[in-house]
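For reference, the structure discussed in these notes is given below.
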Amino acid sequence: MSGTVALVGGGEWTDEVTFDAELLSGVDDVLVIPAAMAYERPELAIDRARKHLGALAARINVLDVYRRAEALEPEASAAVAAASAVYISSGSPMHLRSVLKDTPLLDSLVVAWERGALIGISGEATAVMCTHMVDSRGGAFTVGLELVDTMTFVPRHNRWSPDKWHRTVALAPRDLPVVGIDEHTALLHTGPGEWEVVGAGSVHVYVAGRRVDLDALPPVLNSTLEH
């Protein structure tokens, strides 16, 4: 059994995000990971999480991992592996990649998901999870954490210029879906072939330069983990 993955386009833990109540129904504890906000006043993101998620009767625990050395500590991995819900904040994609790449903490995130935990990933963190990671600074590709190998995500799609979006779509490997997710919007993966869009905006899927429907997405996020 694997849990739901909520890929949020950004704007997490704000009033504009209306789907968290349903996602967290029945969840008592949420483990918040603000690692990507290490140099962007993470305390502000934590305060937003406590206010927004706490209003949903969820108890908030914060994993204070901001450096790679902290992601290597056994206590951090154990906390993630045991969580019933994990929510990773937006922030600096390059910093998040450097913190999590090839760490036990990243492995524990997979363990939690396979055990049935809800995994929420927001903003720039969605791009980092991909093998083909889109660099939001120019729209080209680099290497991410390789948890999602069947598609690539562009968070905050509503803020991208048409020219930059066109460049990303043109540079993508021909059969790789490029998935743009608007802010305050989530693409939910609830099982093989099960996709749902929730929230205020839209999800935009392009393959081989053409816009396609949601049902054209591959059935799984990771071709090795999901069968």
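Nothing in this text is a laboratory measurement; each read-out follows from the coordinates by a stated rule. For clarity, every value in this text was computed on a predicted model and none was experimentally measured. Cβ sites come from the backbone with ideal geometry, for glycine too, and all protein chains shown count toward neighbours.
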Problem set entry | region 1-49, residues that are closer than 18 Å to Leu187 by Cβ, surrounded by fewer than 18 Cβ atoms within 10 Å (Cβ to Cβ) and touching a strand residue (DSSP E or B) at 6+ places or on another chain (Cβ under 8 Å) | Thr18, Glu22
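Looking for something assigned to a loop (DSSP other than H, G, I, E, B), within 30 Å of Asp15 (Cα to Cα) and touching a helix residue (DSSP H, G or I) at 6+ places or on another chain (Cβ under 8 Å) - is there at least one such residue anywhere in region 183-192? Show your work before the answer.
Restricting attention to region 183-192, the residues satisfying the condition of being assigned to a loop (DSSP other than H, G, I, E, B) are 183-184, 192.
Now drop any that are not within 30 Å of Asp15 (Cα to Cα), which leaves 183-184.
This time we only want the ones that are touching a helix residue (DSSP H, G or I) at 6+ places or on another chain (Cβ under 8 Å), so: 183.
Yes, region 183-192 has at least one match.
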Problem set entry | region 155-177 - residue that is in contact (Cβ under 8 Å) with a residue 40 or more places away in the chain and at negative phi and, of those, surrounded by the fewest Cβ atoms within 10 Å (Cβ to Cβ) | Pro173
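Taking Val197, is it within 25 Å of Asp15 (Cβ to Cβ) and surrounded by 19 or more Cβ atoms within 10 Å (Cβ to Cβ)? Step through it out loud before you land on a result.
Numbers: within 25 Å of Asp15 (Cβ to Cβ): yes; surrounded by 19 or more Cβ atoms within 10 Å (Cβ to Cβ): no.
Considered against the rule, which asks whether it is within 25 Å of Asp15 (Cβ to Cβ) and surrounded by 19 or more Cβ atoms within 10 Å (Cβ to Cβ), Val197 comes out as no.
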Exercise. What residue, among those in region 35-56 that are free of Cβ contacts under 8 Å to residues at least 12 places away in the same chain and of a type in the set (Gly, Ala, Ser), is farthest from Val128 (Cα to Cα)?
Worked result: Ala55
Problem set entry | Candidate set: region 50-76, residues that are under 13 Å from Ala36 (Cβ atoms) and touching a strand residue (DSSP E or B) at 6+ places or on another chain (Cβ under 8 Å); chosen: the one surrounded by the most Cβ atoms within 10 Å (Cβ to Cβ) | Val65
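Are any residues in region 106-131 in a helix (DSSP H, G or I), aliphatic (A, V, I, L, M) and closer than 25 Å to His52 by Cα, and if so, which ones?
Here is the first cut: in region 106-131, the residues in a helix (DSSP H, G or I) are 106-115, 124-128.
Subset that is aliphatic (A, V, I, L, M): 106, 109-112, 125, 127-128.
Leu109, Ala112, Ala125, Ala127, Val128, listed by residue number.
Of all residues in region 110-142, how many are among the hydrophobic types (A, V, I, L, M, F, W, C), over 10 Å from the mean Cα position of the chain (by Cα) and within 17 Å of Ser223 (Cα to Cα)? Talk me through it step by step, then tell me what you get.
Just the residues of region 110-142 that are among the hydrophobic types (A, V, I, L, M, F, W, C), to begin with: 110-113, 117-119, 121, 125, 127-130, 133-134, 140-141.
In the following step, the residues that additionally are over 10 Å from the mean Cα position of the chain (by Cα) were identified as 110-113, 117-118, 133-134, 140-141.
When the remaining residues are screened for being within 17 Å of Ser223 (Cα to Cα), the result is 110-111, 113, 133.
Residues meeting the conditions: 4.
Give region 1-47 a look and list any residue that's among the hydrophobic types (A, V, I, L, M, F, W, C), in a loop (DSSP other than H, G, I, E, B) and closer than 12 Å to Ile121 by Cα, or say none.
Initially, region 1-47 is screened for residues among the hydrophobic types (A, V, I, L, M, F, W, C), giving 1, 5-8, 13, 17, 19, 21, 23-24, 27, 30-33, 35-38, 44-46.
With the extra rule that they be in a loop (DSSP other than H, G, I, E, B), the set shrinks to 1, 13, 17, 19, 24, 27, 38.
The one that is among the hydrophobic types (A, V, I, L, M, F, W, C), in a loop (DSSP other than H, G, I, E, B) and closer than 12 Å to Ile121 by Cα: Trp13.
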Exercise. Can you tell me how many residues in region 48-70 are within 22 Å of Val99 (Cα to Cα) and part of a helix (DSSP H, G or I)?
Worked result: 4
Seminar exercise, completed: Note: among Ala71, Ala21, Ala45, Ala55, just one is closer than 21 Å to Pro93 by Cα and more than 17 Å from the chain's Cα centre (by Cα), namely Ala71
For this session: Collect the residues in region 149-178 that are part of a strand (DSSP E or B) and touching a His at 6+ places or on another chain (Cβ under 7 Å), keeping them in residue-number order.
Result: Thr152
Exercise. For Glu146, which of the numbered conditions (1) part of a strand (DSSP E or B); (2) at positive phi fails to hold?
Worked result: (1)
For this session: Report, by residue number, each residue of region 77-93 that is out of contact with any strand residue (DSSP E or B) (no Cβ under 9 Å at 6 or more places or on another chain) and hydrophobic (A, V, I, L, M, F, W, C).
Result: Ala78, Ala81
Exercise. Ala83 fails exactly one of the following numbered conditions: (1) surrounded by 21 or more Cβ atoms within 10 Å (Cβ to Cβ); (2) within 16 Å of the chain's Cα centre (by Cα). What is the number of that condition?
Worked result: (2)
